[in-house]
Every structure is written in structure tokens, then in C-alpha cells.
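Student: Attaching a single structure in C-alpha cells format; questions to follow.
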DNA sequence: CAGTATCCCTCAAGATACTG
DNA sequence: CAGTATCTTGAGGGATACTG
């Protein structure tokens, strides 16, 4: 479980990490997992990813020990995917990427989703107050705790 | 300069960031830049990336305001690529990814490169001491300051 | 040395149909 | 609902030749 097959053998940890979660979807799945999403169809609808791709990415994330499949509550035949401790350790990565994106990739007045995960009790520093306009936000974003 | 063309228009900063630097090479170029690499051929040799791809990624990183091209020292006709302030702000991203990779993607005794950038005076916390075996390290890694 | 211009090819991703 | 199987496409990436 420490190092799944599809992870590169390079000695640099950054290179290995990007070989695993540096694709188009994996980190966004993790982001959604931090936001409380657990079900296959919720990931699918939220991301707009093809189902076969989602299936593959979930499997890879499970192989890597980032997510763990569990039976959905009380007698359900279906599964849900929750973050493991290793997966939770990705929080600084998602947070750092998010904070950088806010500062570097938005026009001065442009709105962006907050996506502050209700996770551990960690205080999460924000770089600046959010815009007043929420109209552009996706369903994903609206479920998220706002700080302002 | 705030938001180059090829960055997605999604409201989530994580999604935008990955759309820009979430490909196979961009973040590794940034990693190398933190490690002091500035010249085209040095990036190319160190990464093993095709030259046309490197050319394209450098252009994208410049467009995004992460790198800035400067004339190489004293009368040289060639350029070098150095991190801007926006690029330097990616340090927490690279560091977080690196620390997570160390913990999650290596066998217990397996060696990994340290890649602690000699940058600002920031103290950089390490998760554990490095292994004694450096034989697997690439040229990139050997230029790097070791902490142990 | 530092790229650019082509050509080619593989694989990631999407669409769709099917199944327990 | 939660996937799997199959097919197809297109973009990302590699190799090579060429240029100032």
C-alpha cells in the first residue's frame, strides 16, 4: 500500500506525487472528498467526468491508500469513498494550491469559491476577503463553509 | 498577466491551478527553478523532456507570470528563466507535495532526494532523516543541499 | 546553445451501451 | 445506483531535422 504500481520510480518525491495525483482529475476528486463528497454519482455529477474515468481514478486513489471504500450506511449494497489518514495528509497540498490559485489566477474583482473544508479544527488562513458575487458558484461550492 | 488564456474558467481555484500546472512537466520545471536551474538546456537535460514540449511549457509559465525570461548574464544572446514573485509563491505547493510524497509514496527504508531549496531563509521542516544510499539520485538531486 | 517546425504515436479521456 | 466493457477521438508528448 505504500507505493502502488503506477507511481513512478523516480527519487524525487515531487515527481512521484505528480505521477500519481498530477492528472486531470485525481486532485479534484480529493478536493471533493475534503468537501464531504463520498458517493460515486456525486463525484461524477460534480466533476462532469466520464464514469469509466472516475471508476479508474477512484481505484487508483484506493490503491494508493488515499481513499478507502466502505459500505454505504445500513445495509446498502453500495460503497462510498472516504479519505484515509494518508488522504487527509493531502490537505496542505490542496490548501496551498488553492491559496496560490486565488492570488495568481483571478482578476482583481473576480469571484472564486471558498472551499474551506470543515475538517480538523485547524484555523485556515485566507488571503483576502471573498467577493460578494456568488452567482457563478457550482453546486460543489455552495455546500462549503464560507468564512467571510 | 493575471490569468492566461489556457487557464480554465472554473470558479474553484484548485481547478484553475491544476489546469495550469497540473500537467506532467510544469510543476517539475518549477521545482527545478527553485533548485536554481535557469537555462533551457539544463531544464531539458535534467527532466529528459522533449525540447518542443519544454519550449511550450516555459512559454506557458511565462504567460502565467510564474517565470520571467531574462537575458543571460553579460552580453549573452540567450535567455534564462527565473521565478517571479508569483512563482516563488508556489513554494508551499511544492513543499507540501514533497512532504506528502515522502510520507506516502516510499517504502520504509527507501531513499529519496531531499530537494530542499536554498531559497529564502525559511526553516524547512523535514519529516524524517534521509537514507544513506544516494546511488539512485539524479544529477538534479546531487546539486541540492542535504540536511542530514 | 536555444529554440522552432513537422511528423508520428500512444494513451487519456469521452460517449455509449450494457449489467448486477 | 454503481459501476464495467467497448469503441473512438484528440490532445499530449516524443523524435528528429532544421535554424539563428
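The values are calculated or read from the model by the stated rules, or taken from the named source; none is laboratory data. The model shown is predicted, which means the values in this text are computed figures rather than measured ones. We place every Cβ from the backbone using ideal geometry, glycine too, and count neighbours over all the protein chains shown.
Student: Test of understanding: among B:24, B:45, which residue is at pLDDT below 95, within 8 Å of another protein chain (Cβ to nearest Cβ) and within 15 Å of DNA strand D (Cβ to nearest atom)?
Tutor: Within the list B:24, B:45, the selection yields B:24.
Student: Right, here's the next one. Which ones in segment A:17-40 are within 11 Å of DNA strand C (Cβ to nearest atom) and over 16 Å from residue B:14 (Cα atoms)?
Tutor: A:19, A:40
Student: Going residue by residue through segment A:65-75, is there one that turns out to be more than 8 Å from DNA strand D (Cβ to nearest atom), touching a residue at least 60 places away in the same chain (Cβ under 8 Å), within 14 Å of chain B (Cβ to nearest Cβ) and more than 13 Å from the chain's Cα centre (by Cα)?
Tutor: Yes: one or more hits.
Student: Could you check residue B:32 against (1) within 16 Å of DNA strand D (Cβ to nearest atom); (2) outside any helix (DSSP H, G or I) and say which number it fails?
Tutor: Tallying (1) within 16 Å of DNA strand D (Cβ to nearest atom); (2) outside any helix (DSSP H, G or I), residue B:32 fails exactly one: (2).
Student: List the number of the failed condition for residue B:118; all other conditions in (1) in contact with a strand residue (DSSP E or B) (Cβ under 9 Å, 6 or more places away or on another chain); (2) modelled with pLDDT under 95; (3) closer than 30 Å to residue A:30 by Cα hold.
Tutor: All conditions pass for residue B:118, except number (3).
To keep it simple, each residue is scored yes or no on (1) crowded, with 18+ Cβ neighbours inside 10 Å; (2) closer than 30 Å to residue B:32 by Cβ.
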{"position": "A:8", "(1), (2)": "no, yes"}
{"position": "A:12", "(1), (2)": "yes, yes"}
{"position": "A:21", "(1), (2)": "yes, yes"}
{"position": "A:27", "(1), (2)": "yes, yes"}
{"position": "A:81", "(1), (2)": "yes, no"}
{"position": "A:110", "(1), (2)": "no, no"}
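Student: Which count do you get for residues in segment A:76-101 that are part of a loop (DSSP other than H, G, I, E, B) and either more than 16 Å from DNA strand C (Cβ to nearest atom) or without any contact (Cβ under 8 Å) to a residue 12 or more places away in the chain (or both)?
Tutor: Of the residues in that region, 5 qualify.
Student: Mind telling me which of the residues A:59, A:31 ends up being surrounded by fewer than 18 Cβ atoms within 10 Å (Cβ to Cβ) and under 23 Å from residue B:103 (Cα atoms)?
Tutor: Matching residue, one of A:59, A:31: A:59.
Student: Can I ask one more? Within the group A:59, A:38, which residue is part of a loop (DSSP other than H, G, I, E, B), near DNA strand D (Cβ under 10 Å from one of its atoms) and either without any contact (Cβ under 8 Å) to a residue 12 or more places away in the chain or in contact with a strand residue (DSSP E or B) (Cβ under 8 Å, 6 or more places away or on another chain) (or both)?
Tutor: Within the list A:59, A:38, the selection yields A:38.
Student: Right, next: Which numbered condition trips up residue A:87, out of (1) in contact with a strand residue (DSSP E or B) (Cβ under 9 Å, 6 or more places away or on another chain); (2) at pLDDT below 95?
Tutor: Of (1) in contact with a strand residue (DSSP E or B) (Cβ under 9 Å, 6 or more places away or on another chain); (2) at pLDDT below 95, only one is false for residue A:87: (2).
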